[in-house]
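Asker: Structure in structure tokens, see below.
The values are calculated or read from the model by the stated rules, or taken from the named source; none is laboratory data. What you see is a predicted model, and the numbers here were worked out from it, not measured in a lab. As a convention, Cβ positions derive from the backbone with ideal geometry for all residues, glycine included, and neighbour counts pool all protein chains shown. For the accessible areas, the whole protein counts, side chains as well, though only heavy atoms, and no ligand, DNA or RNA atoms are used. Shrake-Rupley method; radii C 1.70, N 1.55, O 1.52, S 1.80 Å.
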Amino acid sequence: MLIDSHCHLDRIDLSPYQDDFSCFMQETSKHQIEHMLCISIDLEAYPSMCELVAPYPQISLTVGVHPNSHDGKEPTTDELITLGQAEKVIGIGETGLDYFRSEGDLSWQHQRFRRHIAAAKSLNKPLIVHTREAREDTLRILKEEGADSVGGIIHCFTEDWEFALRALELNFYISFSGIVTFNNAKAIQEVAQKIPADRYLIETDSPYLAPVPFRGRPNYPIYVRHVAEFIAKLRNTSLEVIADQSKDNFVRLFNLECL
């Protein structure tokens with residue numbers, strides 16, 4: 001049984017499933033996807049996302065606003081705390097910094113990131129962190145704001161071993177997406193080999209970043225198996241070991257009694 005620790009279920013293409021979310025869910029069960037964490041990226045779509053996944057106990061939620069979200073409502077710390085109290089919400093994010101898609105004065109990204117960290121600390125719930133071309137500022141802000149008290153996930157990891165070590169010291173887990181299967185992802189593959197067994201997760205980030213052999217196509221949670229299989233080969237172990245370890249790590253990080 002596999003866990004997809006990061007996906008955007010309200011944004012996937014349901015046309016292969018008769019445009020029916022219940023049919024999609026039946027397919028995930030057939031492929032032994034035990035649990036999915038559906039990630040928020042803005043507050044405008046959040047109510048409909050909650051409504052979509054509400055009937056399914058095998059789906060948990062986060063609340064947050066992506067660092068590249070420009071046009072929607074700017075979240076306050078109090079609003080994040082209020083929304084984050086819902087039973088189905090187990091984490092805050094995704095949040096963080098992205099200097100690849102945004103230009104100019106990015107102090108607004110820093111302020112938004114700090115508000116998410118404050119909300120996570122108030123709720124005692126882990127953070128889901130997005131970082132792209134912003135490694136030093138991401139680590140600095142996490143440290144300055146005391147994010148190690150709640151920890152969380154560096155999701156869709158695209159950095160190197162030195163960054164991974166610094167993130168581990170801040171009480172963060174490393175989550176590998178389909179990018180780890182790409183031929184040019186040697187630094188990420190090195191991290192996947194070296195990471196302690198009790199500090200990694202697997203994800204799809206669906207509908208984005210489909211793993212090999214589906215690269216370039218829409219991504220789905222069922223493809224998390226390909227991520228797990230690739231990491232199993234890197235670590236010279238079995239798919240079952242990767243599935244069990246990543247599940248144990250997910251349950252521990254989010255302080256869940258069971259799934």
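Asker: What is segment 190-259 by shape, rounded, prolate or oblate, if you read a ≥ b ≥ c off the alpha carbon gyration tensor as root eigenvalues and call it rounded for a/c under 1.5, prolate for a/b larger than b/c, and oblate otherwise?
Answerer: Working: a/c = 2.11, a/b = 1.31, b/c = 1.62.
Cα axes put segment 190-259 in the oblate bin.
Asker: Under a point-charge model restricted to the Cβ atoms of Lys and Arg (+1) and Asp and Glu (-1), what is the dipole moment magnitude of the chain relative to its Cα centre, in debye to the nearest 20? Before the final figure, lay out the partial values.
Answerer: Details: 25 positive and 38 negative charges, 117 e Å.
I would put it at about 560 debye.
Asker: A further question follows. Could you pull out the GluC sites (Glu not before Pro) across segment 213-259 that fall in loop regions by DSSP (anything but H, G, I, E, B) with no more than 16 other Cβ atoms inside 10 Å?
Answerer: Numbers: sites: Glu229, Glu240, Glu257; in loops: Glu257.
Answer by residue number: Glu257.
Asker: Let me ask something additional. So how far apart, in nm, are the two label points at Leu106 and Arg217 if each is 7 Å from Cα heading toward Cβ?
Answerer: About 3.3 nm, to one decimal.
Asker: I've got another one for you. Please give, to one decimal in nm, the separation of the simple spin-label points placed at Asn124 and Glu34, each 7 Å out from Cα toward the Cβ.
Answerer: It works out to 2.5 nm between the two label points.
Asker: Shifting gears a bit: Can you give the convex hull volume per residue for the Cα atoms of segment 1-63, as a whole number of Å³?
Answerer: Values: hull volume 4.9 nm³, N = 63.
Per-residue hull volume (Cα only) is 77 Å³.
Asker: Treating only the Cβ of Lys, Arg, Asp and Glu as charged (+1, +1, -1, -1), what charge dipole size does segment 1-80 show about its Cα centre? Round to the nearest 20 debye.
Answerer: Numbers: 3 positive and 14 negative charges, 55 e Å.
So the magnitude is around 260 debye.
Asker: If a/c stays under 1.5 just call it rounded; otherwise compare a/b with b/c (prolate if a/b is bigger, oblate if not). Do that for segment 125-182, with a ≥ b ≥ c from the square roots of the Cα gyration tensor eigenvalues. The partial results should precede the final answer.
Answerer: Values: a/c = 1.94, a/b = 1.53, b/c = 1.27.
Since a/c reaches 1.5 and a/b is larger than b/c, the shape of segment 125-182 is classed as prolate.
Asker: For segment 136-259, report the accessible area per residue in Å² (1.4 Å probe, heavy atoms, rounded to an integer).
Answerer: Values: 5390 Å² over 124 residues.
Solvent-accessible surface per residue comes out at 43 Å².
Asker: Given the options Leu170, Leu106, Leu37, state which has the largest fluctuation in a GNM of the chain using a 10 Å cut-off (strictly under) for Cα springs.
Answerer: Among Leu170, Leu106, Leu37, the largest GNM mean-square fluctuation belongs to Leu106.
Asker: Using only the Cα atoms of segment 62-179, build the gyration tensor, take square roots of its eigenvalues as a ≥ b ≥ c, and label the shape rounded, prolate or oblate: rounded if a/c is under 1.5, else prolate if a/b is larger than b/c, else oblate.
Answerer: Values: a/c = 1.57, a/b = 1.16, b/c = 1.35.
Here segment 62-179 falls in the oblate category.
Asker: Further question: Normalise the Debye intensity by I(0) for segment 68-114, one equal point scatterer per Cα, no solvent, then take log10 at q = 0.13, 0.21, 0.28, 0.33 Å⁻¹ and round to two decimals.
Answerer: Values returned for q = 0.13, 0.21, 0.28, 0.33 Å⁻¹ are -0.35, -0.80, -1.16, -1.37.
Asker: Continuing with this model, one more query. With helices defined as uninterrupted DSSP H runs, which ones in the chain have an alpha carbon span along their own long axis of at least 20 Å and mean Kyte-Doolittle hydropathy of at least -0.5? Numbers along the way, then the final one.
Answerer: Details: long enough: 107-123 (24 Å, -0.99); 239-253 (21 Å, -0.11).
Counting only whole DSSP H runs, the qualifying helices are 239-253.
Asker: Another question, then. Quick one: among Thr158, Thr76, Thr181, which has the greatest mean-square fluctuation in a GNM of the chain with alpha-carbon springs under 10 angstrom?
Answerer: Of Thr158, Thr76, Thr181, the most mobile in the Gaussian network model is Thr76.
Asker: For Leu14 and Asn68, FRET efficiency with R0 = 22 Å and r from the beta-carbon atoms, rounded to 0.05? Please report the intermediate quantities before stating the final value.
Answerer: Working: r = 24 Å, r/R0 = 1.10.
The computed FRET efficiency comes out at 0.35.
Asker: Continuing with this model, one more query. Put +1 on the Cβ of each Lys and Arg and -1 on the Cβ of each Asp and Glu in segment 117-171; which of His155, Ile141, Ala119 then has its Cα farthest toward the positive end of the dipole?
Answerer: It is Ala119, whose Cα lies furthest towards the positive end.
Asker: GluC sites (Glu not before Pro), restricted to segment 77-108: which are DSSP loop and have at most 11 other Cβ atoms within 10 Å? Mind showing how you got there, number by number?
Answerer: Details: sites: Glu79, Glu87, Glu94, Glu103; in loops: Glu87, Glu103.
Filter output for segment 77-108: Glu87, Glu103.
Asker: Which of Val180, Val227, Val241 moves most in a GNM of the chain, Cα contacts under 10 Å?
Answerer: Judging by the Gaussian network model, the answer is Val241.
Asker: Kindly provide the helix-only [θ] at 222 nm of the chain, computed as the sum of -39,500 (n - 2.57) over DSSP H runs of four or more divided by all residues, to the nearest 500 deg cm²/dmol? Show your work: numbers first, answer last.
Answerer: Numbers: 9 runs with 97 residues, N = 259.
Calculated at 222 nm, the ellipticity per residue is -11500 deg cm²/dmol.
Asker: Sticking with this one: Using every Cα-Cα pair within the chain, state what percent have a distance larger than 32 Å.
Answerer: 15
Asker: How far apart, in nm, are the 7 Å Cα→Cβ label points at Glu229 and Gln26?
Answerer: In this crude label model, Glu229 to Gln26 measures out at 2.5 nm.
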